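Below is one structure, written out as structure tokens, with a few remarks after it.
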Amino acid sequence: MLKLFFYHFKLYFAAYKAMAKVIKRYPSTVFGKRVEIYNQSELKLGEKVSIQNNVILHCGGADWCNNSGSITIGSQSVISPNCVFWGCGANIIIGNNFDCAPGVKIFASRTKYEDQIAYPSLNPHIFQDVVIGDNVVCFANVVIGPGVTIGDGAVIGANSLVLQDVASNTIVGGSPAKFIRNLERP
């Protein structure tokens, strides 16, 4: 029982030390509880970013994604609870003032299901950058797939699946996401 306690204490302490390095690197960022960051050296944050509870930021660095990938989040962006950003094998690049509601998932990779393969553990993957402009709003539970570019000022409706590019200053929604209307901004 004591061995198990020390094992968990060691894991907790290692995670605490790693997170302390990120906090020191980005002192203006506010981190919630239970934020997990993988391959922290490939995370880049702007000023005054808020990353709330239970967020997972995977910045690649694993064998299956060719040890590549990164996540960049622009200044004054808010990442709400329970979001997952999977920047493995390619990059997730988010502009300034990104407003991200709870449960948003952004993936820069996916399994290449079109190819049949004998060994599931060797499934090939597709890696494509995801680029999100400035002043974008994603409502709750949006899923954004690899290769998507979202223009400045776009709004993505709740529970949408975004697999194609979204033009600037538009509202899209649905699964798959479709154009709803243009936004009239001064």
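Just one of (1) surrounded by 14 or more Cβ atoms within 10 Å (Cβ to Cβ); (2) within 12 Å of the chain's Cα centre (by Cα); (3) not aliphatic (A, V, I, L, M) fails for Asn96. It is (2).
All conditions in (1) crowded, with 17+ Cβ neighbours inside 10 Å; (2) modelled with pLDDT of 95 or more; (3) part of a loop (DSSP other than H, G, I, E, B) hold for Asp152, with the sole exception of (1). Of all residues in the stretch 155-167, those being crowded, with 17+ Cβ neighbours inside 10 Å and either in a loop (DSSP other than H, G, I, E, B) or of a type in the set (Ser, Thr, Tyr) (or both) number 2. For the stretch 132-145, the condition of being of a type in the set (A, V, I, L, M, F, W, C), at pLDDT 90 or above and out of contact with any strand residue (DSSP E or B) (no Cβ under 8 Å at 6 or more places or on another chain) holds for at least one residue. Taking the stretch 32-65 as the range and being of a type in the set (A, V, I, L, M, F, W, C) and more than 16 Å from Trp86 (Cβ to Cβ) as the test, the residues that pass are Leu45, Val49.
Residues in the stretch 33-57 that are under 18 Å from Ala20 (Cβ atoms) and of a type in the set (Gly, Ala, Ser): 1 in all. The residue pairs whose first member lies in the stretch 164-183 and is more than 9 Å from Ile150 (Cβ to Cβ), whose second member is of a type in the set (A, V, I, L, M) and not in a strand (DSSP E or B), and whose beta carbons are closer than 6 Å, counting only pairs six or more residues apart or on different chains, are Asn169/Leu183; Thr170/Ala154; Pro176/Leu163.
Under the condition of being over 19 Å from Val130 (Cβ atoms) and assigned to a loop (DSSP other than H, G, I, E, B), the residues counted in the stretch 25-66 number 13. Residues in the stretch 55-107 that are touching a His at 6+ places or on another chain (Cβ under 9 Å) and among the hydroxyl-bearing types (Ser, Thr, Tyr): there are none.
The values are calculated or read from the model by the stated rules, or taken from the named source; none is laboratory data. All figures in this text were calculated on a predicted structure; none of them were measured in a lab. Virtual Cβ from ideal backbone geometry, glycine too; neighbours counted across all protein chains shown.
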